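Since the structure comes first, as structure tokens, the remarks are kept for the end.
The values are calculated or read from the model by the stated rules, or taken from the named source; none is laboratory data. Everything numeric in this text was worked out from a predicted model, so none of it was measured. Counting neighbours? That spans all protein chains shown, and the Cβs are built from the backbone with ideal geometry, glycine included. Quick note on the areas: whole protein, heavy atoms, side chains included, nothing else; ligands and nucleic acids left out. Shrake-Rupley method; radii C 1.70, N 1.55, O 1.52, S 1.80 Å.
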Amino acid sequence: MESVRWLLLLLLPLLDISAATPDPCELDEDDIHCACNFSEPQPDWSSAFLCVSAVDVEIRGGGRSLEQFLERVDIDADPRQYMDIVKALRLRRLTIGAARVPALLLFGALRVLGYSRLKELTLEDLEVTGTMPQPVGIQGPGLSVLRLRNVSWTTGGAWLPELQHWLKPGLKVLNIAQTHPLDFSCDKVLTFSALTTLDLSNNPGLGKRGLMATLCPHKFPVLRDLALRNAGIQTPNEVCSALATAGVQPHRLDLSHNSLLATAKPEDPGCVWPSALNSLDLSFAGLEQVPKGLPAELEVLNLSCNRLNRKPLSDELPKVGNLTLDGNPFLIPGTSNPSSIVPSGVVPACVHSPLAVGMSGTLALLQGARGFA
């Protein structure tokens with residue numbers, strides 16, 4: 001029992017549901033999802049025992065600093081003594097959020113989770129403080145999916161390679177949103193040998209320069225899906241240049257929800273798109289005409305919910321198998337009149353379109369509000 005108590009002390013301070021919930025932790029009837037919100041002034045950490053049997057666990061710290069727990073747990077303890085306990089856990093998905101977390105505590109937890117069957121880890125609304133320790137011997141969990149949202153690191157751009165050293169190889173999906181800094185130390189970044197999906201959406205300050213700094217050359221050899229929604233992208237051509245520099249060959253590229261220019265900037269040279277690219281999403285991009293310099297041939301091109309006032313001519317489009325133009329003014333009766341278009345330039349039909357699901361929450365909220373103005 002003492003072993004279990006130590007393990008929970010290490011893991012549980014790191015994982016916010018509703019502050020109005022009487023008990024800090026709730027477990028559903030099927031013992032699948034367990035959520036803890038330790039937002040009370042004197043939280044009862046022991047209530048997290050309720051989550052021991054859950055598959056999907058959310059633990060949030062109520063926005064407090066967890067520095068105190070460095071004095072209550074032995075970060076240097078050999079996690080092998082807890083191996084059998086951790087292996088018995090059903091845990092597959094873990095969310096840690098709403099706290100200031102010492103790096104020593106976070107990576108101590110990852111060491112212990114190295115014996116677990118955890119596959120998906122989400123870190124959100126976190127400030128990771130202090131210096132990350134060097135991994136010794138035991139690595140962390142073998143994740144398939146890693147999501148980071150609104151996470152800041154005091155170690156600067158070195159955080160990604162340092163985090164890589166704490167995880168077993170094999171990560172397939174990496175989602176980084178509202179996280180800084182994104183100017184990675186590329187010379188220290190390890191190759192993502194299994195990563196097929198990289199999502200850098202909802203980083204509006206990223207832009208061309210940030211993308212060039214994030215797509216470390218030759219570090220993503222099997223990348224198939226690249227999402228850059230609401231990422232400060234101005235032209236498709238600048239993305240093409242970044243892909244060429246990094247040696248990345250995605251099959252699907254999502255540039256929706258950026259304010260795109262139809263014409264490349266003078267400083268952007270011509271670019272040859274990756275030959276593997278077959279799907280391009282340019283929806284919700286405020287386009288009044290088809291951008292210049294698109295790939296010569298695509299299986300899928302999504303131009304829906306833009307500001308096209310006429311059907312594009314064949315010589316304006318690449319050779320494309322599946323073209324989507326839904327939600328453009330020329331297809332909507334009555335929207336040829338500018339007064340029928342909401343101030344954002346999006347026709348009303350697109351404000352509530354299912355396509356808006358992929359939009360950042362902020363943009364969706366703003367466009368919805370304008371639609372009712």
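The label point for residue 288 and the one for residue 165, both projected 7 Å from the Cα toward the Cβ, are 5.3 nm apart. Cross-linked pairs 119/188; 87/119; 188/219; 119/219: Cα-Cα separations exceed 18 Å for 119/188; 119/219. Relative to one another, the C-alpha centroids of the stretch 218-248 and the stretch 135-213 are positioned 15 Å apart.
Highest average first, the peptides 97-108, 200-211 ordered by how many other beta carbon atoms sit within 10 Å of their residues are 97-108, 200-211.
Excluding ligands, DNA and RNA, the accessible surface per residue across the stretch 225-299 is 38 Å² with a 1.4 Å probe. Multiplying the residue separation of residue 332 and residue 127 by 0.36 nm and subtracting their alpha-carbon distance yields 69.2 nm. Which residues does the label zone of residue 83 cover in the stretch 131-159, counting backbone N under 17 Å from a point 7 Å along Cα→Cβ? Residues 136-142 qualify, since their backbone N sits under 17 Å from the label point. Among 294-303, 38-47, the peptide with the highest mean count of other Cβ atoms within 10 Å heads the list, and the full ranking is 294-303, 38-47. Highest mean packing first, where packing is the average number of other Cβ atoms within 10 Å per residue, the peptides 305-313, 51-59 line up as 51-59, 305-313.
Label sites at residue 92 and residue 47, each approximated as a point 7 angstrom past Cα along Cα to Cβ, lie 2.7 nm apart. The H on the amide N of residue 306, modeled in the peptide plane, is under 5 Å from the matching H of 284, 328, each at least 5 residues off or on a different chain. Computed 3J(HN,Hα) for the stretch 320-325, one whole-Hz value per residue from the Karplus formula 6.51 cos²θ - 1.76 cosθ + 1.60 where θ = phi - 60°, is 9, x, 9, 9, 10, 10, glycine and proline marked x. Each residue of the stretch 231-240 was assigned a 3J(HN,Hα) from its phi angle through the Karplus expression (A = 6.51, B = -1.76, C = 1.60, θ = phi - 60°), giving 10, x, 7, 9, 9, x, 5, 5, 6, 4 Hz with x at Gly and Pro. Residues whose amide H lies under 5 Å from that of residue 150, counting only those 5 or more places away or on a different chain, are 125, 177, 178, 179; hydrogens are built 1.01 Å from N in the peptide plane. Note on residue 33/residue 225: beta-carbon distance plugged into 1/(1 + (r/R0)^6) with R0 of 30 Å gives a FRET efficiency of 0.65. Could you pull out which residues in the stretch 107-141 have an amide N less than 14 Å from a spot 7 Å beyond the Cα of residue 188, following the Cα-Cβ vector? Under 14 Å, as judged by backbone N against the label point of residue 188, lie 130-135 of the stretch 107-141. In the stretch 35-141, the alpha-carbon atoms span a convex hull of 100 Å³ per residue.
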